[in-house]
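Accompanying notes for the structure given below.
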Amino acid sequence: MTKTQGPQILQKIEAFNLSLLPVLKKYPKSERYTLAEKTEKFFLEGTESIYWGSYEKKERAQHLSRARIQFQMTGYLLRIGRRMGFTSEGQYEKLSVDLVEIGKMVSGWIKIVEKINHDAKDV
């Protein structure tokens, strides 16, 4: 994990999770164990992939790519929840902006890892 990217992204993920969970708890009971649970699951799996990527240097790029996809799926499911009226526009907007920022951080980290891997192959 790079010194600048790792802690920043972990702080952002933790803050996002603290914002996400109360929103998901307000989903109707009929969706709490389907859409809300799946949304939470994708986000937590993305978080897990970030942690794996921070410790496993050889497979870092794969873990980070997986995290990016899982965070994109989280965003997709949040969008569905918004369209179904389970969240307010303000809640969705805040979560969406934060999730996009997390995605940009992951993408930036992937670019750094790919550059390091590319430079290492040239040596």
For the range 8-27, how many residues meet the condition of being charged (D, E, K, R) and outside any helix (DSSP H, G or I)? 1
Looking at the structure I just gave you, is S30 among the hydroxyl-bearing types (S, T, Y), surrounded by 15 or more Cβ atoms within 10 Å (Cβ to Cβ) and in a helix (DSSP H, G or I)? no
Which one is farthest from A120 (Cα to Cα), of the residues in the range 24-80 that are of a type in the set (G, A, S) and modelled with pLDDT under 95? S30
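Go through I112, I80 for me and flag whichever is among the aliphatic types (A, V, I, L, M), farther than 24 Å from S54 by Cα, part of a helix (DSSP H, G or I) and touching a residue at least 12 places away in the same chain (Cβ under 8 Å).
Exactly one residue qualifies, and that residue is I80.
Identify all residues within the range 33-50 that are of a type in the set (S, T, Y) and either surrounded by 15 or more Cβ atoms within 10 Å (Cβ to Cβ) or touching a residue at least 24 places away in the same chain (Cβ under 8 Å) (or both); write none if there are none.
T39, T47, S49 - these are the residues of the range 33-50 that are of a type in the set (S, T, Y) and either surrounded by 15 or more Cβ atoms within 10 Å (Cβ to Cβ) or touching a residue at least 24 places away in the same chain (Cβ under 8 Å) (or both).
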Cβ pairs under 7 Å, 6+ apart, first in the range 88-101 and closer than 15 Å to K25 by Cα, second in a helix (DSSP H, G or I) and at pLDDT 95 or above: Q91/V23; Y92/L78; Y92/R82; L95/S19; L95/L20; L95/V23; L95/L78
The condition from (1) under 13 Å from the mean Cα position of the chain (by Cα); (2) surrounded by 15 or more Cβ atoms within 10 Å (Cβ to Cβ) that Y76 misses is numbered (2)
How many residues, within the range 81-123, are farther than 28 Å from E56 by Cα, surrounded by 14 or more Cβ atoms within 10 Å (Cβ to Cβ) and either at pLDDT below 95 or not aromatic (F, W, Y) (or both)? 7
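The values are calculated or read from the model by the stated rules, or taken from the named source; none is laboratory data. Just so it is clear, the model here is predicted, and its values are computed rather than measured. Ideal geometry is used to build each Cβ from the backbone, glycine not excepted, and the neighbour counts take in all protein chains shown.
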